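One structure below.
Read the figures in this text as sums done on the coordinates, not as results from a lab. Just so it is clear, the model here is predicted, and its values are computed rather than measured. So basically every Cβ, Gly included, is an ideal-geometry build from the backbone, and we count neighbours across all protein chains shown.
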Amino acid sequence: MLVASSRPLGVTRWSRLVKRAVSCPDASTEPALFLERLLELGRHEPGRVLCATNDDLAWLYAAYGSELRSHYRLYTPPLATVYGLLNKWNLHQSCAGLGIATPRTWLPRERTDLHAIRDEATFPLVIKPQTQAYLVSHYKGAVVHDPGLFEQTYDKVRALGTCAPFIVERDPDVGWPIVQTYAETASRDVGVYSLGGFIDATGELFAVRASRKLLQWPHVGAGACFEQAPTEGELVEAALRLCRHAGFYGAFEVVFVFGEGRWQLVDFNPRFYGQMEFDVARGLDLPLLTYHAAVGSSHALRQLVDRAESSARDEQGGARVYCNRIELEIMLRLRRLAGAIAPAELDQWKRWLASHEVMTDAVLDRRDWLPGAVEAATAIVRRALHPRRTWLAAHDR
């Protein structure tokens, strides 16, 4: 395996499975230089399969697909498809046209629009940038419980919602944040429902795995703990309809929250995603599916999909879990230090960890221990270098 990374302490490059690591510019801050380096690498070592692992790369690979295909194998839809799913306002509109439930969503552009939303909406509300693709601040958004703080919070998100100029050139309205009703479903009794899956370019080969997000931190942030969940037929059908309507193919994650008595679609990640290893461990080998699709191995691809569907039937009713244990342990300790977690909740998480001796971990692996050591060290140093941000995050609810 070849790893190209801008970070000397990037976790993946320290795995024993990596045969070679090369340095490259940061794709998020220096996309032109990154693309130049990527094309140079492709010219010297053509034929590798290229897969997006974050929103920036999903956008970049789709935007420059024709150039990249000269040297790489890609399984990437056109930019209009990818950006239509990465942009939350466009995603909401697509879902509305398909009859797929989403939280009530606004795109205010005037101060009078904010006044109207504040007066008619039911709080809490969440305010988010339209997209994370080449968002300079990488800010996820904020939850507002107090109507009196609504406009102030909106202005903060607006100020942090600046995207790179080449995104703004294609979408001049991208800087306006969206406002959505916020479903308080991060609790352990409901959770956030995730469908990870794969669909081929014909729209016929389709396989998914379901999981329930038990914990994310910060409150509007990445998931740290997941558990296996049964596939809900209605939500699977909604994801399939959306993929076909958008013309999407490849690996993806669709996220639902429970609000107003029903599941509502809130996010679509047209790329590899954070807890993907959990779905791989349960029989849905998304990297291998993407590889066979990219190189045109249609027979092997169909066999993998059939095998994934068969193993999905066998796993119904199980209780497997996924955890980023390093992040969870740090979070629990910081929140305890800040007095932001009740003793009962702390005990609950300790019991949860103790009750699952076998879990899929984001980084920790006894057979490949160095990435875990690097991740733990860099996580501690990162927080030590930014004490104010760390303290505010510890109090995040």
Taking neighbour counts of Cβ atoms within 10 Å as a proxy for exposure, in what order, fewest first, do H386, H299, H356 appear? H299, H386, H356
Using a basic spin-label model with each label point 7 Å from the Cα along Cα→Cβ, how many nm lie between R16 and T112? 6.7 nm
Rounded Å value of the spacing that divides the Cα centres of segment 1-72 and segment 336-397: 29 Å
In the structure shown, of K140/K213; K140/K350; K128/K156, the pairs separated by more than 21 angstrom at the C-alpha atoms are K140/K350
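Suppose the chain between A281 and E30 were pulled fully straight at 0.36 nm per residue; how much longer would it get relative to their current alpha carbon spacing?
87.0 nm
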Pairs of Cα atoms under 8 Å, at least six residues apart: use those to get the relative contact order of the chain, whole percent. 15 percent
Within segment 93-131, list the residues whose amide N lies under 19 Å from a label point set 7 Å along Cα→Cβ of R158. 105-121, 125-131
Suppose R0 equals 45 Å; then what is the FRET efficiency for D368 and A80 from their Cβ-Cβ distance, rounded to the nearest 0.05? 0.70
Residue separation between R333 and F258 times 0.36 nm, minus their alpha-carbon distance, gives in nm 24.1 nm
So if each residue of separation counts as 0.36 nm, and I subtract the Cα-Cα distance between H356 and F123, what length gain in nm does that give? 80.3 nm
Go ahead and set up a Gaussian network model of the chain, Cα springs under 10 Å, then flag whichever of Q275, Q216, Q152 fluctuates most. Q152
Expressed in nanometres to one decimal, the distance between label points 7 Å along Cα→Cβ at S6 and A319 is 4.4 nm
Ranked list, fewest to most other Cβ atoms within 10 Å of each Cβ, for D368, D267: D368, D267
Let's test this: bin the Cα-Cα distances of the chain at 10 Å from zero up to the farthest pair and state each bin's percent. 4, 21, 33, 29, 12, 1
When R383, R388 are ranked with the fewest other C-beta atoms within 10 Å first, the list becomes R388, R383
